[in-house]
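> Below are the structure tokens for one structure; questions will follow.
The values are calculated or read from the model by the stated rules, or taken from the named source; none is laboratory data. Quick caveat, the model's predicted, so the values are computed rather than measured. Don't worry about glycine lacking a Cβ; one is built from the backbone with ideal geometry, like all the others, and counts go over all protein chains shown.
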């Protein structure tokens, strides 16, 4: 397989990974702790998208919107109920609480939906072939949807009041609070937006793979890797990190047994962090 | 029933050993080492391979396991020396994943996903299953008591105070003339050695190791156990391990009380209840059942501003 | 796990008393354990296995049980993790005092619990594929209903040769039997004048196999041998279709499950060949599994656990005693030989009660075992996916 083909495959994989990584970093930027429950919340979004697409017969774009709303609601509610009190005890307590929360959510989904894989009611197309490189229409569409979502997030952060509030809190939480910004309200918004993005990302991942209670868990380590490489809490960093992990893993298969792909992702993190201990783009949110 | 309790005591002891190892770097040193499953695996494979091929008795195999795990720990400490907090946590999590991949892929060494079976242990085959379980529980808890006592002394000794100082403020420790890197390497390898020892005891007791045994589940369980017990105190690791085993095993017995649910629903309810219970415990006792006695300065609890 | 049944299993005789009158059994129930992958990597299979075991146990109990005693089935989740499985096995053996454990799935799980079983004289019935399992020093306490890779891959290669395969590429999930099955397949292909174009072992936890598929298709094979499980097969089928592959695809029936065929468009799955060990003709036991699960294509593991439970009760009835040793000594006396062929365990119990000898033919195959616990030899069912369902081609 050619270098160029691996690059294309990696870029498409990175585009899908970018959304949950973006969601993860959006939450991190404001709340300053890694929320492990993102795995099951992304899966919950994928199930919501499945309900809209298969049970209600909606096409992909509105189904993704349903995924956004559902995952955002689950993420923001569970955070307010379960994790906010823990946050007062420090970020580490909240992070560990989120592990327990993930276990709870994953099994709630399993209880309701079972383990059998669910398929979306969407056609599968043959790849296009362009100058010896094959590209899947589905993957291109996914990447396009991911790109539109990222642009929307960028516009939200740059030009709206909500966005400015979030950036202010990300920059300096205590200063923002002294200026009269209600941290609880910002937490609701950051969680709603961040986990909403994760819900869309989870649906796109499920479209490419399969939908079962472990869908989000399977990509959890890649999401972390992307977020860390880019810089925890950094919005552009999440995107850069996702592409780096996606492309790095694919390129590694040119030289190494594909079973070691994940290991290469890990080595890439180590190399980047050796030179930049706070990720490629540092921790500035935006 | 006694058999079953003895086997649970062995598993609780192994989790407690892992918790002790984690407590040294995390509780005292403030470094979140989530590479736990990796060191556990290195210890288990080192012990199993040396027992199978070189006919090492358990004691020698365990020392070999500790040595290899400590070396891996030192290496990881050097490589990650500049990383802090969440970055360190995620890189060490990745390390464990790589070790599991190696265990699955390097068939010439590890026998791949088939795993290594018929690992010898003192008393296996000569003792009755009950006697073997009881003696194994005895061995594990003796080792555990020794390690807990040693770590307890270490924690009270000047060495422990330096580690705490690094946890609270690395810069201050450095200015005080402490070689922070060598302390980190020391703590990492000591903790890895104990995790390796846990691996060796696990391999001997189960008689079988396979890559499947070392997935992220072990790490999550031990992290939750240590948090529930209380980070920073050695008894916290013990109490937490017992609590987690009681919780995971205790929930087995309630499945039958729920009519009308499928086996899958009972299984998911069981795991969900464990998650819920730990969330509630964190809420009610955020510092664990046995909180560390040295209190952190109140200002540091604000977290967000001090980062 | 019938609720009252396992409650009795847990709390023993004292709580069981109030139920005696109602269920009509005079003596204490016979404890039977199941360890299934209800969660984790094997989660696609465990739930239906548990359902089949429960339903068959309930039916046997409702028709009078065995030796005048009911079966108390206790199902434990192994999370597809050997450590968890060992804890579960300790509980089943030491607390429930089960006479047998049925339905272990992952090879690592079976290998981990096997020593506990043979040391405590508890029979272990497994569905695991690793050839090493029956080579353990188990003294006859392991029965494996999954054919070993030698038998299975050899037969697969013959089928491919008959269907004109000249160049086959293997994509195998990393399992204990991945290498062995490919070597055997390639060797038999070679004797038939075809060739193995190459093989790749992949990590089934990945979310995309585009690179692996790219490498496979670069070898221009006419057939892909997909040595997968259900979750990774779904991705492989979609991605090989997207990559423009139009040759034949061959896999195991346990991977090409009903759920996978339902999750993908028919255009992607049509023409997928799969195979599984099978009884001579469409057996009543197989139809019973279909009825329990309410689907047309029950996976082979669900069929196998049906046979596990059947073999346990029939061996107990033949022995006239309920213990691991009794099952160990009698399981081959009711599963092979010259006795009357039966496919329904309840009918088998009646024949045994009437003093006749029987030969159980199960849902997963004829259930004849070698001294080491492997399937002697069996026929295979070959099927092809058509419009989201598997259609039988032939049994041979």
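> Which numbered condition in (1) part of a helix (DSSP H, G or I); (2) at pLDDT below 95 is the only one that residue B:15 fails?
In the conditions (1) part of a helix (DSSP H, G or I); (2) at pLDDT below 95, residue B:15 misses (2) alone.
> Okay, next question. Across the range C:247-258, what is the total count of residues that are at the interface with another protein chain (Cβ under 9 Å from one of its Cβ atoms) and either within 23 Å of residue A:137 (Cα to Cα) or surrounded by fewer than 23 Cβ atoms within 10 Å (Cβ to Cβ) (or both)?
Number satisfying all stated conditions: 1.
> Next question, about the same structure. How many residues does the range C:106-141 hold that are outside any helix (DSSP H, G or I) and either free of Cβ contacts under 8 Å to residues at least 60 places away in the same chain or in contact with a helix residue (DSSP H, G or I) (Cβ under 6 Å, 6 or more places away or on another chain) (or both)?
17
> Out of all the residues in the range C:197-226, which are more than 14 Å from chain A (Cβ to nearest Cβ) and under 28 Å from the mean Cα position of the chain (by Cα)?
C:223, C:224, C:225, C:226
> Still on this structure: Please determine, by comparing only the residues of the range A:77-91 that are more than 7 Å from chain B (Cβ to nearest Cβ) and part of a helix (DSSP H, G or I), which one is modelled with the lowest pLDDT.
My answer is A:87.
> Considering every residue within the range A:147-169, establish whether at least one is farther than 30 Å from residue A:9 by Cα, within 14 Å of another protein chain (Cβ to nearest Cβ) and either in contact with a strand residue (DSSP E or B) (Cβ under 6 Å, 6 or more places away or on another chain) or touching a residue at least 12 places away in the same chain (Cβ under 8 Å) (or both).
Yes, the range A:147-169 has at least one match.
> Take the residues in the range A:213-222 that are in contact with a helix residue (DSSP H, G or I) (Cβ under 6 Å, 6 or more places away or on another chain) and closer than 20 Å to residue A:49 by Cα; name whichever of them is farthest from the other protein chains (Cβ to nearest Cβ).
Checked the range A:213-222; the qualifying residue farthest from the other protein chains (Cβ to nearest Cβ) is A:216.
> Pick from A:71, A:100: which is within 9 Å of chain B (Cβ to nearest Cβ) and under 27 Å from residue B:267 (Cβ atoms)?
Criteria check complete, one pass: A:100.
> Inside the range A:118-216, counting only helices (runs of 4 or more DSSP H) that do not spill past its ends, which hold 2 or more residues that are buried (at least 24 other Cβ atoms within 10 Å of the Cβ) and more than 18 Å from the chain's Cα centre (by Cα)?
A:161-171
> Output the residue which, of all residues in the range A:254-270 that are in a helix (DSSP H, G or I) and more than 7 Å from chain B (Cβ to nearest Cβ), is farthest from residue A:226 (Cα to Cα). Before you say what the answer is, go through the steps one by one.
Kept after step one, since they are in a helix (DSSP H, G or I), are these residues of the range A:254-270: A:258-270.
Going one step further and asking which of them are more than 7 Å from chain B (Cβ to nearest Cβ), we end up with A:258, A:261, A:264-265, A:267-268.
Working: A:258: 19, A:261: 15, A:264: 13, A:265: 9, A:267: 12, A:268: 10 Å.
Residue satisfying both the conditions and the ranking: A:258.
> If you scan the range B:253-268, which residues turn out to be surrounded by fewer than 20 Cβ atoms within 10 Å (Cβ to Cβ) and under 28 Å from the mean Cα position of the chain (by Cα)?
Hits for the range B:253-268 are B:253, B:254.
> For the range B:89-96, does any single residue satisfy the condition of being more than 11 Å from chain A (Cβ to nearest Cβ), touching a helix residue (DSSP H, G or I) at 6+ places or on another chain (Cβ under 9 Å) and either under 15 Å from residue A:273 (Cβ atoms) or not in a helix (DSSP H, G or I) (or both)? Quick ask: steps written out before the conclusion?
Looking only at the range B:89-96, we keep the residues that are more than 11 Å from chain A (Cβ to nearest Cβ), and these are none.
No.
> Within 9 Å of another protein chain (Cβ to nearest Cβ) and either modelled with pLDDT of 85 or more or in contact with a strand residue (DSSP E or B) (Cβ under 6 Å, 6 or more places away or on another chain) (or both): is that true of residue A:273 in this structure?
Yes.
> I'd like the full set of residues that are more than 18 Å from the chain's Cα centre (by Cα), surrounded by fewer than 21 Cβ atoms within 10 Å (Cβ to Cβ) and part of a helix (DSSP H, G or I), limited to the range B:113-153.
B:129, B:130, B:131, B:134, B:135, B:138, B:153
> While we're here: Return a yes/no flag: does the range B:208-221 have any residue that is more than 22 Å from residue B:5 (Cβ to Cβ), within 14 Å of chain C (Cβ to nearest Cβ), in contact with a strand residue (DSSP E or B) (Cβ under 9 Å, 6 or more places away or on another chain) and buried (at least 24 other Cβ atoms within 10 Å of the Cβ).
Taking every residue of the range B:208-221 in turn, at least one turns out to be more than 22 Å from residue B:5 (Cβ to Cβ), within 14 Å of chain C (Cβ to nearest Cβ), in contact with a strand residue (DSSP E or B) (Cβ under 9 Å, 6 or more places away or on another chain) and buried (at least 24 other Cβ atoms within 10 Å of the Cβ).
> Residues C:332, C:318: which one is assigned by TED's automatic domain parsing to the domain that holds residue C:303 and either more than 25 Å from residue C:276 (Cα to Cα) or without any contact (Cβ under 8 Å) to a residue 12 or more places away in the chain (or both)?
C:318 is the lone residue from the list that is assigned by TED's automatic domain parsing to the domain that holds residue C:303 and either more than 25 Å from residue C:276 (Cα to Cα) or without any contact (Cβ under 8 Å) to a residue 12 or more places away in the chain (or both).
> Then there is this: Kindly indicate whether residue B:240 is surrounded by fewer than 20 Cβ atoms within 10 Å (Cβ to Cβ) and either under 14 Å from the mean Cα position of the chain (by Cα) or on the phi > 0 side of the Ramachandran plot (or both). So that I can check it myself, show each step before the final result.
Details: surrounded by fewer than 20 Cβ atoms within 10 Å (Cβ to Cβ): no; either under 14 Å from the mean Cα position of the chain (by Cα) or on the phi > 0 side of the Ramachandran plot (or both): yes.
The answer is no for residue B:240.
> I'd like the residue in the range B:54-82 that is touching a helix residue (DSSP H, G or I) at 6+ places or on another chain (Cβ under 6 Å), closer than 19 Å to residue B:189 by Cβ and not in a helix (DSSP H, G or I) and, out of all such residues, is nearest to the other protein chains (Cβ to nearest Cβ).
B:80
> Would you mention how many residues in the range C:92-108 are at the interface with another protein chain (Cβ under 8 Å from one of its Cβ atoms) and surrounded by 24 or more Cβ atoms within 10 Å (Cβ to Cβ)?
Qualifying residue count for the region: 4.
> Next question. Test residue C:348 against the stated conditions and say whether it is buried (at least 24 other Cβ atoms within 10 Å of the Cβ), touching a strand residue (DSSP E or B) at 6+ places or on another chain (Cβ under 7 Å) and not assigned by TED's automatic domain parsing to the domain that holds residue C:122.
For residue C:348, the condition - buried (at least 24 other Cβ atoms within 10 Å of the Cβ), touching a strand residue (DSSP E or B) at 6+ places or on another chain (Cβ under 7 Å) and not assigned by TED's automatic domain parsing to the domain that holds residue C:122 - is not met.
> Of the numbered conditions (1) touching a residue at least 60 places away in the same chain (Cβ under 8 Å); (2) within 14 Å of chain C (Cβ to nearest Cβ); (3) assigned to a helix (DSSP H, G or I); (4) more than 19 Å from the chain's Cα centre (by Cα), residue A:109 fails exactly one; give the number of that condition.
(4)
> Could you run through the range A:226-245 and say how many residues are over 11 Å from the mean Cα position of the chain (by Cα) and within 14 Å of chain C (Cβ to nearest Cβ)?
Residues meeting the conditions: 1.
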